[in-house]
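Below you'll find the structure, written out as structure tokens, and then a few comments.
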Amino acid sequence: MAEEKEEALIKRNKQVILKRYPEGLPKDDDMEVISTATIKLKLPDGYGGILVKNLYLSCDPFQRTLMRHVPPSGGATSPSYTTDSPLFGCGVGKVLDSGHPDFKQGDLVWGITTWEEYTLLPNPETLIKILHTDVPLSYYAGILGMPGMTAYAGFYQICNPKKGENVFISAASGAVGQLVGQFAKLSGCYVVGSAGSKEKVKLLKEKLGFDDAFNYKEEKDLKATLKRYFPQGIDIYFENVGGKTLEAVLLNMRQFGRIAACGMISQYNVDEEEGVRNLMQLVSKRVRMEGLNCSDHLHKYSEYLDFVLPHIRQGKIAYVEDIVHGLDSAPSALVGLFLGRNVGKQLIHLSDLSTFLLEHVV
């Protein structure tokens, strides 16, 4: 009887592994979905971590930067993904078993997890408990997770907006950009975003409240385009793209402008990153440009929740999600980020809470 009970705790654990390091644009078959791994849904005695059932996984552009083989040096662990091992990234999960004093069975959490159905997390201290469940759980992989904190810290702490200023956001319909635009409107700014399709431009203007937007793929001269939308210049630029867009923005910045460098997706799939011209504009116009990493600002997460939750509940902030279902859809969803297929925050839905409870009643 005891053996049967133990066997019942052994479950298949489907995973998405990195099959090989991509060259240029990643392809679906650079990853592989495998069903050979198993896991015991009970922690071994003395284990100080937690066991999580993953409910949502987040697709983020930074994951492409982890798909490069970086040999360890000086005894340090390589920061890149390892071939034949599961990818990792942000996600939302429910604690199935815990050996850690800060977490108990049934807790909902968000943070870094692996691309599989169940994950053992030996050091769960970086996870954040989910305390507000009157909003969709998926939001904790987006507006209430890393993208939301990134938008909040980048716009309010780095860009320090003032009412009436001119704000430009590249990749504006993405997970972070759509929030920066709405935060800017709440601050009384004039806001323009760029995106890669007519559908996304329409979304920015009609659903997300941007003052204007344009499809950068239809513009032959970005410098002239930005001059048209910002005849007086740009005060704040939220940088998600890099490359030619950054070069054009620098020529259109106003004195004492601020640039929050969140990402540079145009450079993620190239063998050698492009140099950026017009950097002297930073000097002549006294523009401040600062890099941004969400992890540096997580100590302000409770402050962010106090700010954003009332706006969500009152319908003053919208959040657009693009959700696919199941790990089998995960490789294509991640690759789609770099082809412009997603509209809004790209997520992978693995399990509902109701399904989770039915599966794990003992």
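Every residue in region 330-347 that is of a type outside the set (F, W, Y), part of a loop (DSSP other than H, G, I, E, B) and open to solvent by 10 Å² or more (accessible area, probe 1.4 Å), please. Walk me through how you get there before you give the answer.
So in region 330-347, the residues of a type outside the set (F, W, Y) come out as 330-337, 339-347.
With the extra rule that they be part of a loop (DSSP other than H, G, I, E, B), the set shrinks to 337, 339-344.
Selection gives L337, L339, G340, R341, N342, V343.
Picking from K162, K129, which residue would you name as being open to solvent by 10 Å² or more (accessible area, probe 1.4 Å) and touching a Leu at 6+ places or on another chain (Cβ under 8 Å)?
K129
Among (1) modelled with pLDDT under 95; (2) assigned to a helix (DSSP H, G or I); (3) of a type in the set (A, V, I, L, M), which single condition is V362 missing?
(2)
Tally up the residues in region 16-47 that are of a type in the set (G, A, S), surrounded by fewer than 15 Cβ atoms within 10 Å (Cβ to Cβ) and under 28 Å from the mean Cα position of the chain (by Cα), please. Walk me through how you get there before you give the answer.
Initially, region 16-47 is screened for residues of a type in the set (G, A, S), giving 24, 35, 37, 46.
Those still in the list that are surrounded by fewer than 15 Cβ atoms within 10 Å (Cβ to Cβ) too: 24, 35, 46.
The next check asks that each one be under 28 Å from the mean Cα position of the chain (by Cα); those that pass are 24, 35.
Residues that pass the stated criteria total 2.
Looking at (1) in contact (Cβ under 8 Å) with a residue 40 or more places away in the chain; (2) touching a strand residue (DSSP E or B) at 6+ places or on another chain (Cβ under 7 Å), which one does D211 not meet, given that it meets all the others?
Single failed check for D211: (1).
Looking at Q157, Q105 in this structure, which one is part of a helix (DSSP H, G or I), exposed (fewer than 15 other Cβ atoms within 10 Å of the Cβ) and at pLDDT 95 or above?
On the way: Q105 fails: part of a helix (DSSP H, G or I).
Of the residues listed, the single one that is part of a helix (DSSP H, G or I), exposed (fewer than 15 other Cβ atoms within 10 Å of the Cβ) and at pLDDT 95 or above is Q157.
May I ask you to list the residues in region 319-342 that are within 19 Å of P136 (Cα to Cα) and touching a Lys or Arg at 6+ places or on another chain (Cβ under 6 Å)? I'd like the intermediate steps shown before the answer.
In the first step, residues of region 319-342 are kept if they are within 19 Å of P136 (Cα to Cα); the result is 319-326.
Residue satisfying the conditions is E321 alone.
Here is a yes/no grid of residues against (1) open to solvent by 80 Å² or more (accessible area, probe 1.4 Å); (2) of a type in the set (D, E); (3) in contact with a Leu (Cβ under 9 Å, 6 or more places away or on another chain); (4) at pLDDT 95 or above:
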{"residue": "K185", "(1), (2), (3), (4)": "no, no, yes, yes"}
{"residue": "V201", "(1), (2), (3), (4)": "no, no, no, yes"}
{"residue": "K207", "(1), (2), (3), (4)": "yes, no, no, yes"}
{"residue": "A224", "(1), (2), (3), (4)": "no, no, no, yes"}
{"residue": "I236", "(1), (2), (3), (4)": "no, no, no, yes"}
{"residue": "E239", "(1), (2), (3), (4)": "no, yes, yes, yes"}
{"residue": "L246", "(1), (2), (3), (4)": "no, no, no, yes"}
{"residue": "R258", "(1), (2), (3), (4)": "no, no, no, yes"}
{"residue": "E274", "(1), (2), (3), (4)": "yes, yes, no, no"}
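Could you please give the count of residues in region 225-262 that are touching a helix residue (DSSP H, G or I) at 6+ places or on another chain (Cβ under 7 Å) and not in a helix (DSSP H, G or I)?
Pass one, region 225-262, residues touching a helix residue (DSSP H, G or I) at 6+ places or on another chain (Cβ under 7 Å): 226-227, 230, 233-234, 236-245, 248-253, 258, 260, 262.
Restricting the remaining residues to those that are not in a helix (DSSP H, G or I) gives 230, 233-234, 236-242, 253, 258, 260, 262.
Residues flagged as touching a helix residue (DSSP H, G or I) at 6+ places or on another chain (Cβ under 7 Å) and not in a helix (DSSP H, G or I) within region 225-262 amount to 14.
Which residue, of K205, K200, K163, K185, is among the basic types (K, R) and in a loop (DSSP other than H, G, I, E, B)? Can you show your working first?
Values: K205 fails: in a loop (DSSP other than H, G, I, E, B); K200 fails: in a loop (DSSP other than H, G, I, E, B); K185 fails: in a loop (DSSP other than H, G, I, E, B).
From the options K205, K200, K163, K185, the qualifying one is K163.
The values are calculated or read from the model by the stated rules, or taken from the named source; none is laboratory data. Keep in mind it's a predicted model, so treat the numbers as computed, not measured. A quick note on method: Cβ atoms are made from the backbone with ideal geometry, for glycine too, and the neighbour counts reach across all protein chains shown. Ligands, DNA and RNA are stripped out before the accessible areas are found, and what is left, the full protein with its side chains, is counted by its heavy atoms. Shrake-Rupley method; radii C 1.70, N 1.55, O 1.52, S 1.80 Å.
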